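One structure is given below, encoded as structure tokens.
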Amino acid sequence: MNKKLIDNLISKGITNKTVLETIGKISRERFVEQPFRHADMCYGPSPLPIGHNQTISSVYTVGLMTQALDVNKNHKVLEVGTGSGYQAAVLSALSASVFTIERIRDLSLKARAVIESLSIRNVTFIIGDGSIGFGEYAPYDRILITACSPDIPSPLFNQLAEGGIMVAPVESNGVQNILVVEKKNGIMFSKEIAPANFVKLIGKNGYETQTLERCGF
Ligand code: SAM
């Protein structure tokens, strides 16, 4: 295990032992492009490009969101935004099963190839608009959204199991924050845990493609 990395995460508030052990075990290098594979970049504080104008979140952000998700080995988890597949690999080690949705086919296929090469077998890859969730396997004990939306997408809250937790970046007045959402008696309770800097969730319940084009994105 990379002691310097773990000490650094602990100093920033990632203290959950299982999350730290999992991050220590999974080689992030496998999920990033060659130029970013040296430790300073790979485990540095910034998101890194993965192609198609998308990013892999920093290891700190992955640690923070995974810790907030409070996952255990009985949980069925939905991830929206497969990207490189790194977050899905981390979740796969902590949960019973992971369903991960990505709208960009090429990213989903690449992530799948890496995850399969690591002999991880409890991740199901879905290509499509994750802002509508994936009703077929709902409800999910945990939902993690790794792209920012203007609000918590209501289909995703509906697909969250009673007592479940969702972690998601949400933008309000131009500022992104990571929210931890709990479903209690069907009601949403949410709190902000940290500022964020995610790419946009593009889809029916995120940012519509046309809106982004109008704004010059
Ligand atoms: N979790 C990823 C990882 O471990 O590398 C990082 C995800 S990246 C910050 C956000 C991803 O969300 C991008 O790959 C993007 O294509 C994807 N995305 C954006 N809108 C989406 C949508 N509606 N459904 C599914 N994926 C979406």
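If you filter region 151-191 down to residues that are under 20 Å from Val71 (Cβ atoms) and acidic (Asp, Glu), you find that the one that is least open to solvent (accessible area, probe 1.4 Å) is Glu182. Close contacts from region 88-110, counting a first residue that is closer than 25 Å to Lys73 by Cβ and a second that is among the aromatic types (Phe, Trp, Tyr) and near the ligand (Cβ under 9 Å from one of its atoms), with Cβ to Cβ under 8 Å and a gap of 6+ residues or different chains, come to Ala89/Phe31.
Every residue, every condition in (1) within 12 Å of the ligand (Cβ to nearest atom); (2) in contact with a Leu (Cβ under 7 Å, 6 or more places away or on another chain); (3) at pLDDT below 95; (4) closer than 24 Å to Gly163 by Cα, yes or no:
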{"site": "Phe31", "(1), (2), (3), (4)": "yes, no, no, no"}
{"site": "Pro35", "(1), (2), (3), (4)": "no, no, yes, no"}
{"site": "Asp40", "(1), (2), (3), (4)": "no, no, yes, no"}
{"site": "Gly44", "(1), (2), (3), (4)": "no, no, yes, no"}
{"site": "Ala93", "(1), (2), (3), (4)": "no, no, no, yes"}
{"site": "Glu102", "(1), (2), (3), (4)": "yes, no, no, no"}
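Restricting to region 192-217, and then to whatever is modelled with pLDDT of 95 or more, farther than 22 Å from Gly128 by Cα and of a type outside the set (A, V, I, L, M), can you tell me which residue is farthest from the ligand (Cβ to nearest atom)? Filtering region 192-217 for residues that are modelled with pLDDT of 95 or more, farther than 22 Å from Gly128 by Cα and of a type outside the set (A, V, I, L, M), the one farthest from the ligand (Cβ to nearest atom) comes out as Glu192. Scan region 68-75 and give yes if some residue there is open to solvent by less than 20 Å² (accessible area, probe 1.4 Å), in a helix (DSSP H, G or I) and within 21 Å of Phe134 (Cα to Cα), otherwise no. Within region 68-75, one or more residues are open to solvent by less than 20 Å² (accessible area, probe 1.4 Å), in a helix (DSSP H, G or I) and within 21 Å of Phe134 (Cα to Cα). When Gly85 is tested against (1) within 12 Å of the ligand (Cβ to nearest atom); (2) surrounded by fewer than 24 Cβ atoms within 10 Å (Cβ to Cβ); (3) not basic (Lys, Arg), exactly one condition is not met: (2). For residues that are within 12 Å of the ligand (Cβ to nearest atom) and among the charged types (D, E, K, R), scanning just region 104-114, find the one that is least open to solvent (accessible area, probe 1.4 Å). That would be Asp106. Confirm whether Leu144 is within 13 Å of the ligand (Cβ to nearest atom) and not in a loop (DSSP other than H, G, I, E, B). So Leu144 fits the description; yes. Residues satisfying the criterion are present in region 126-140 (criterion: crowded, with 23+ Cβ neighbours inside 10 Å and outside any helix (DSSP H, G or I)).
Summed over region 19-33, the residues that are touching a strand residue (DSSP E or B) at 6+ places or on another chain (Cβ under 9 Å) and of a type in the set (S, T, N, Q) give a count of 0. In the condition set (1) open to solvent by 90 Å² or more (accessible area, probe 1.4 Å); (2) more than 26 Å from Ser119 (Cβ to Cβ); (3) of a type in the set (S, T, N, Q), Ser46 is compliant with all but (1). Apart from one condition, Leu91 fits all of (1) open to solvent by less than 20 Å² (accessible area, probe 1.4 Å); (2) in a strand (DSSP E or B); (3) hydrophobic (A, V, I, L, M, F, W, C); the exception is (2). Among all positions in region 178-191, there is no residue which is more than 10 Å from the ligand (Cβ to nearest atom), in contact with a strand residue (DSSP E or B) (Cβ under 7 Å, 6 or more places away or on another chain), assigned to a helix (DSSP H, G or I) and aromatic (Phe, Trp, Tyr).
Taking region 11-39 as the range and being free of Cβ contacts under 8 Å to residues at least 24 places away in the same chain, more than 28 Å from His52 (Cα to Cα) and exposed (fewer than 13 other Cβ atoms within 10 Å of the Cβ) as the test, the residues that pass are Ser11, Lys17.
The values are calculated or read from the model by the stated rules, or taken from the named source; none is laboratory data. Treat the numbers as computed from the prediction; the structure is a model and nothing was measured. Every residue, glycine as well, gets a Cβ built from its backbone with ideal geometry; the counts of neighbours run over all protein chains shown. Note: areas computed on protein heavy atoms with side chains; ligands, DNA, RNA excluded. Shrake-Rupley method; radii C 1.70, N 1.55, O 1.52, S 1.80 Å.
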